[in-house]
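A.B. asks: Dropping a structure here in structure tokens format, bear with me for questions.
The values are calculated or read from the model by the stated rules, or taken from the named source; none is laboratory data. Everything quoted here is computed from the prediction, not taken from an experiment. Note that we place each Cβ from the backbone using ideal geometry, even for glycine, and neighbour counts take in every protein chain shown. Just the protein is used for accessible areas: all its heavy atoms, side chains included, with ligands, DNA and RNA removed. Shrake-Rupley method; radii C 1.70, N 1.55, O 1.52, S 1.80 Å.
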Amino acid sequence: MVINVLDGQTMYQISRGSGLQLGDADVTVAPPREIVATMNELISGVGIQSGKVLGQFGIQYLFLKSVDNSALIRIIDGSGGFTRMSSTPAGVVWKVLGASPRVLFIGADKSQQIVPSTDISAEADLTQPGMVIVAEKYDQNWRLLLDGQRVPLEHAKNGLPVFTISHAGHVTVLHDGTFHRTLISLQLSILLGVIVLALPAGRRRREVPLEELV
């Protein structure tokens, strides 16, 4: 989470340390309302649970650009859930304590297991029933297959995508971005059509002088 203060206005955005994974889920949309509420509380000095909420969404670090805002630095230092890692002229970095991995399995016995992810999916063999939690913004395009069978998507109370695993087996988590890519392709096609129509039209054959034709 990157925080910046410009002209007295505090702004923030989620930044990824690497390229997108799991089918390039759409991250250009507004952040979840849970994160918006948490950041507003943190900046105003009442965000006691801010570190916990941000950690649930897989946010591992908090970066405040520039160290001139000493008041906000003191607020974050005293909020709990964060430990300061560095302070330079470029800004201050805090680590979010207990941040969740991107895909986490919580078993029926409350044990936790990280589900390793590749560029396009996350896969693991699970030895018991439980719950798979994805630390991403909820939308209907998240998919989970348990031994090849699709598991219904659920909406957790904290706003995360969740899947209930009924038995042990092999799970695959992915994000189906087909609809999003189709919309982008349609927009590009429309844009190209508008550009072509806006270009100057060529002269009709009968408008071309006979000297040019021969």
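A.B. asks: Amide H neighbours of residue 82 under 5 Å, at least 5 residues apart or on other chains, H built in the peptide plane: list them.
C.D. replies: 97
A.B. asks: Same structure, new question: If you average the C-alpha positions of segment 59-82 and of segment 2-17 separately, how far apart do those two centres end up, in angstrom?
C.D. replies: 12 Å
A.B. asks: Now for a different question. Read phi for every residue in segment 146-157 and hand back ³J(HN,Hα) as whole Hz from Karplus 6.51 cos²θ - 1.76 cosθ + 1.60, θ = phi - 60°, with x for Gly and Pro.
C.D. replies: Result, rounded to whole Hz: 10, 6, x, 9, 6, 9, x, 7, 10, 10, 6, 4.
A.B. asks: Same structure again: If I model segment 96-164 as equal point scatterers sitting on the Cα atoms and use the Debye formula, what is log10 I(q)/I(0) at q = 0.15, 0.28 Å⁻¹?
C.D. replies: Those come out to -0.46, -1.64, one per q.
A.B. asks: For segment 1-151, with every protein chain kept in place, what is the accessible area per residue (1.4 Å probe, Å²)?
C.D. replies: 55 Å²
A.B. asks: Which percent of the accessible heavy-atom area of segment 58-137 goes to carbon and sulfur, probe 1.4 angstrom? Provide the component values of the computation, followed by the final result.
C.D. replies: Numbers: 2330 of 4160 Å².
Taking all protein chains in place, segment 58-137 shows 56 percent carbon and sulfur surface.
A.B. asks: How much net charge surrounds residue 63 when only the other residues with a Cβ under 12 Å from the Cβ of residue 63 are counted, with Lys and Arg +1 and Asp and Glu -1?
C.D. replies: With Lys, Arg at +1 and Asp, Glu at -1, the neighbours total +3.
A.B. asks: While we're here: Which lysines have a Cα lying under 30 Å from the Cα of residue 157, excluding residues fewer than 8 positions away in the same chain?
C.D. replies: 52, 95, 110, 137
A.B. asks: Once phi is turned into ³J(HN,Hα) by the Karplus curve 6.51 cos²θ - 1.76 cosθ + 1.60 with θ = phi - 60°, what whole-Hz value does each residue of segment 36-41 show in order, with x for glycine and proline?
C.D. replies: 4, 5, 5, 5, 4, 5
A.B. asks: What does the convex hull of the alpha-carbon atoms of segment 39-121 project to on average, in nm²?
C.D. replies: 7.0 nm²
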